[in-house]
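**Q** Have a look at this one.
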Amino acid sequence: MVINAFRLTKYYGRVKVLDSLDLQVGRSEIAIVQGINGSGKTTLQSIFSSLTTADSGKAEICGLDTGIRHLKARGMVGFVGHSSLLYGALTVEENLSFFSKLYNCDQDRNYIEDLISQLGLSDRVDQRVNMLSHGFQKRVSIARALINKPKALLLDEPESGLDSDAARTLEKIIVGFAQRGGSVLITTHNNTLDYGRDVTRYSLIRGNLK
């Protein structure tokens, strides 16, 4: 499995947010985890993306424990969360150039230009990120998440702030990513989210998947 959780448990104070949760997502698979706000969706994604650690259990990306070998695991992940993880004072071009150098993939300029084109950012590459609308910042975040050609794509509320055109673009990117062998984990409060293909759907209730 590319994305694998075994008995993940996480507390915030005395509140158990994740309760011995198991989850597996293989190559070319898309999994959607739906839950209300506060149900632990963002915590689950944060553990897989190495932004936080579980209190017990294990989270793996391509067999690498995200709590122990987090740097190698993080290099195999593309993550889009509530925060853009972008530098607002830099332009779109400068942000993507920075992250491509960070992942040692700046030599693949054609791939970067293709991402910019796919996400409708060609006319905004010279604009500072903090001057963009929320929807366009989300597009840049998606480009950043894909810049290192990850094995796993982690998306927390990806449809938030996107207009219909951007949502369709995101759908094409997600489906294409899976068709090329990638694994996708989406967390959302939207129980009608549909990406035009068979997906595995879960409900996150009381810290576990149903």
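**Q** Going 7 Å from the Cα of LEU85 toward and past its Cβ, which residues in region 114-144 have a backbone nitrogen under 12 Å from where you end up?
**A** 141-144
**Q** Further, regarding this structure: If I take the Cα coordinates of region 85-210 and project them onto the principal axes, what are the three extents in Å, biggest first?
**A** 44, 29, 26
**Q** Tell me the relative contact order for the chain as a rounded percent, counting alpha carbon contacts under 8 Å between residues six or more apart.
**A** Reported as a whole number, the value is 33 percent.
**Q** Okay, next question. Rounded to whole Hz and in sequence order, give me ³J(HN,Hα) for region 203-210 from the Karplus expression 6.51 cos²θ - 1.76 cosθ + 1.60, θ = phi - 60°, writing x for Gly and Pro.
**A** For region 203-210, the Karplus curve yields 10, 9, 10, 6, x, 9, 8, 10 Hz.
**Q** Something else now. If I fit a long axis through the Cα atoms of helix 164-179 and take the longest principal axis of the Cα atoms of the chain, what angle between them do I get, 0 to 90°, rounded to 10?
**A** 70 degrees
**Q** In whole angstrom, how far apart do the alpha carbon centroids of region 124-156 and region 77-118 sit?
**A** Value for the Cα centre distance between the two parts: 7 Å.
**Q** Across 5 Å bins from 0, what is the distribution of all Cα-Cα pair distances for region 82-147, in whole percents?
**A** Computed distribution, short to long bins: 4, 21, 35, 26, 13, 2.
**Q** For THR187, THR52, THR169, what ranking results if the residue with the fewest other Cβ atoms within 10 Å of its Cβ goes first?
**A** Placing the least packed residue first, the sequence is THR52, THR169, THR187.
**Q** Also: Place +1 on the Cβ of every Lys and Arg and -1 on the Cβ of every Asp and Glu in the chain, take the dipole about the Cα centre, and give the residue among ASN130, VAL33, SER97 whose Cα lies farthest towards its positive end.
**A** VAL33
**Q** Decide, for region 15-89, between rounded, prolate and oblate: order the square roots of the alpha carbon gyration tensor eigenvalues as a ≥ b ≥ c, take rounded if a/c falls under 1.5, and otherwise choose prolate if a/b is larger than b/c, else oblate.
**A** In terms of gyration-tensor shape, rounded.
**Q** Shifting gears a bit: Kirkwood Rh and Cα-based Rg: tell me the resulting Rg over Rh for region 60-118, rounded to two decimals.
**A** Here the Rg-to-Rh quotient is 1.02.
**Q** In addition: Arrange the following residues from fewest to most other Cβ atoms within 10 Å of their Cβ: CYS62, CYS105.
**A** Lowest count first: CYS105, CYS62.
**Q** Something else: Long-range amide H contacts for THR66: which residues qualify at under 5 Å (H placed 1.01 Å from N, peptide plane, sequence gap of 5 or more or a different chain)?
**A** HN-HN under 5 Å from THR66: ALA59, GLU60, ILE61.
**Q** While we're here: For n ≥ 4 DSSP H runs only, could you compute -39500 (n - 2.57) per run for the chain, divide by its residues and tell me the 222 nm figure to the nearest 500?
**A** After summing the helix terms and dividing by the residues of the chain, the value is -9000 deg cm²/dmol.
**Q** Under 5 Å between amide hydrogens, which residues at least 5 positions from ILE205 or on another chain qualify, with H placed 1.01 Å from N in the peptide plane?
**A** Long-range HN contacts for ILE205: LYS210.
**Q** Next question. In nm, to one decimal, how far is the GLU113 label point from the LYS172 one, both placed 7 Å along Cα→Cβ?
**A** Each label point is offset 7 Å from its Cα along the Cβ direction, giving 1.8 nm.
**Q** If you filter region 112-198 for GluC sites (Glu not before Pro), then keep DSSP loop positions with at most 12 other Cβ within 10 Å, what is left?
**A** Answer in residue order: no site qualifies.
**Q** Distance in nm between label sites at ASN104 and GLN24, each 7 Å beyond Cα in the beta-carbon direction?
**A** 3.2 nm
**Q** Now, a different point. Through the Karplus equation 6.51 cos²θ - 1.76 cosθ + 1.60, θ set to phi - 60°, convert the phi angles of region 125-139 into ³J(HN,Hα) values in whole Hz; use x for Gly and Pro.
**A** 3J(HN,Hα) across region 125-139, in whole Hz: 4, 9, 8, 5, 4, 6, 9, 8, 5, 4, x, 6, 4, 5, 4.
**Q** What whole-number value in cubic angstrom gives the convex hull volume per residue for the C-alpha atoms of region 1-57?
**A** 78 Å³
**Q** Taking other Cβ within 10 Å of each residue's Cβ, how do ARG69, ARG124, ARG144, ARG180 sort, fewest first?
**A** Starting with the residue having the fewest Cβ neighbours, the order is ARG180, ARG69, ARG124, ARG144.
**Q** Using 0.36 nm per residue of separation minus the Cα-Cα distance, give me the extension gain between LYS72 and THR192 in nm, one decimal.
**A** Gain on extension, LYS72 to THR192, equals 39.8 nm.
**Q** Quick one: of LYS10/LYS72; LYS41/LYS149; LYS58/LYS172, which pairs are farther than 27 Å apart, Cα to Cα?
**A** LYS58/LYS172
**Q** Continuing with this model, one more query. Stick to the Cα atoms of the chain, pair each with every other, and give me the Kirkwood hydrodynamic radius in Å at one decimal.
**A** Here the Kirkwood hydrodynamic radius works out to 17.3 Å.
**Q** Is there a quick way to get the dipole size of region 82-147? I mean about its Cα centre, with the Cβ of Lys and Arg at +1 and of Asp and Glu at -1; what is the value in debye to the nearest 20?
**A** With only Lys, Arg, Asp and Glu charged at Cβ, the dipole is about 260 debye.
Read-outs throughout are calculated quantities, based only on the coordinates presented, and are distinct from any laboratory measurement. This structure is a prediction, so every number in the text was calculated from the model and none was measured. Here the Cβ is made from the backbone with ideal geometry for all residues, glycine too, and neighbour counts use every protein chain on show.
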